[in-house]
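Asker: Structure incoming, see below.
The values are calculated or read from the model by the stated rules, or taken from the named source; none is laboratory data. Remember, predicted model here, so these are calculated numbers, not experimental data. Glycine gets a Cβ as well: all are built from the backbone with ideal geometry, and neighbour counts include every protein chain shown.
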Amino acid sequence: MSMLDDLDIIAETSRLSRALAIWYGGTMRVLCIEDEAIVAEFVKTGLSGAGFTVDVATTAEEGLSAFSTVEYDAVILDLGLPDADGISLLRKLRGKREATPVLILSTRSNLNARVVGLNAGADDYLAKPFAIEELIARLHALLRRPRTLLSPVLACGNLAYSPATHEVKVAGRTVTMAPKEMRVLDMLLRRPGTVVSKQQLESGLYGFEEEVASNAIEVHIHHLRRRLAESKATVKITTQRGMGYVLVGPDA
């Protein structure tokens, strides 16, 4: 591979990282649970260069403690930890927060090890030695998945939305919505009580090459508010000027 090819890969990974960062509302934070200092430093340096923020834990105890206090966007997990087997740690992580993507990074490359890891709850499995470009690409693929993929229904108040069937219901009654209105609702329901910026909404609704009208998001929000009001939903969308929009439940 030539130097130009390497530069192209770096540019592409950086572009994808920036796009995902817009979607997540900032720098993506990854927890790397790895006891080999050389490997941990290699991962941290490579991912930091691609726009990630990386925390390193060298034991299962440190990893579980960090995972319990910080909401990470993804976890990289080595199986050969000094104080516990990675599979047992993986099951504990899944018990705390099911939807966080976990990528196993291990020297155990045989078929049985991969099957055991994936069945224990891992989202992906990468054998050592590995190329940092592949690790970054796999993380991008995991982070493009909806965070609440394992939750069949997103709900707030008497409003419920199924990402799998694209069905919106208020108090059990189906509500018809345009596709982009539904997508806006999806993004707001994934972060109830939290500001979702106009830039995040635009990134989720439109591709890089699409032209977006300056008031497109405002129009979608207006239509969505009207549908929620007409269907007597117990939630509302508030505007935080200069920041974005918040889905507010009945108890707020």
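Asker: Tell me, which residue of region 55-66 that is surrounded by 19 or more Cβ atoms within 10 Å (Cβ to Cβ) and in contact with a strand residue (DSSP E or B) (Cβ under 6 Å, 6 or more places away or on another chain) is nearest to Arg91 (Cα to Cα)?
Answerer: Gly63
Asker: For region 27-74, name all the residues that are over 20 Å from Thr107 (Cβ atoms), over 19 Å from the mean Cα position of the chain (by Cα) and not in a helix (DSSP H, G or I).
Answerer: none
Asker: Residue by residue through region 162-192, note down the ones that are surrounded by 12 or more Cβ atoms within 10 Å (Cβ to Cβ), in contact (Cβ under 8 Å) with a residue 12 or more places away in the chain and under 18 Å from the mean Cα position of the chain (by Cα).
Answerer: Pro163, Arg183, Val184, Leu185, Asp186, Met187, Leu188, Leu189, Arg190, Arg191, Pro192
Asker: If you don't mind, there's one more thing I want to ask. Could you check region 95-138 and list, in sequence order, the residues that are assigned to a loop (DSSP other than H, G, I, E, B), in contact with a Ser or Thr (Cβ under 8 Å, 6 or more places away or on another chain) and more than 14 Å from Asp73 (Cα to Cα)?
Answerer: Lys128
Asker: Continuing with this model, one more query. What residue, of Pro101, Pro129, is of a type outside the set (Ser, Thr, Tyr) and either in contact (Cβ under 8 Å) with a residue 24 or more places away in the chain or not assigned by TED's automatic domain parsing to the domain that holds Arg29 (or both)?
Answerer: Just one listed residue meets the conditions, Pro101.
Asker: Condition first: surrounded by 18 or more Cβ atoms within 10 Å (Cβ to Cβ), within 16 Å of Cys32 (Cβ to Cβ), modelled with pLDDT under 90 and not assigned by TED's automatic domain parsing to the domain that holds Leu189. Can you find one or more residues in region 104-115 that meet it?
Answerer: no
Asker: Of the residues that make up region 213-222, is at least one in contact (Cβ under 8 Å) with a residue 40 or more places away in the chain and under 24 Å from Arg173 (Cα atoms)?
Answerer: Yes, there is a match, as at least one residue in region 213-222 is in contact (Cβ under 8 Å) with a residue 40 or more places away in the chain and under 24 Å from Arg173 (Cα atoms).
Asker: Residue check: is Glu211 surrounded by fewer than 12 Cβ atoms within 10 Å (Cβ to Cβ) and in the same structural domain as Thr174 (by TED's automatic domain parsing)?
Answerer: yes
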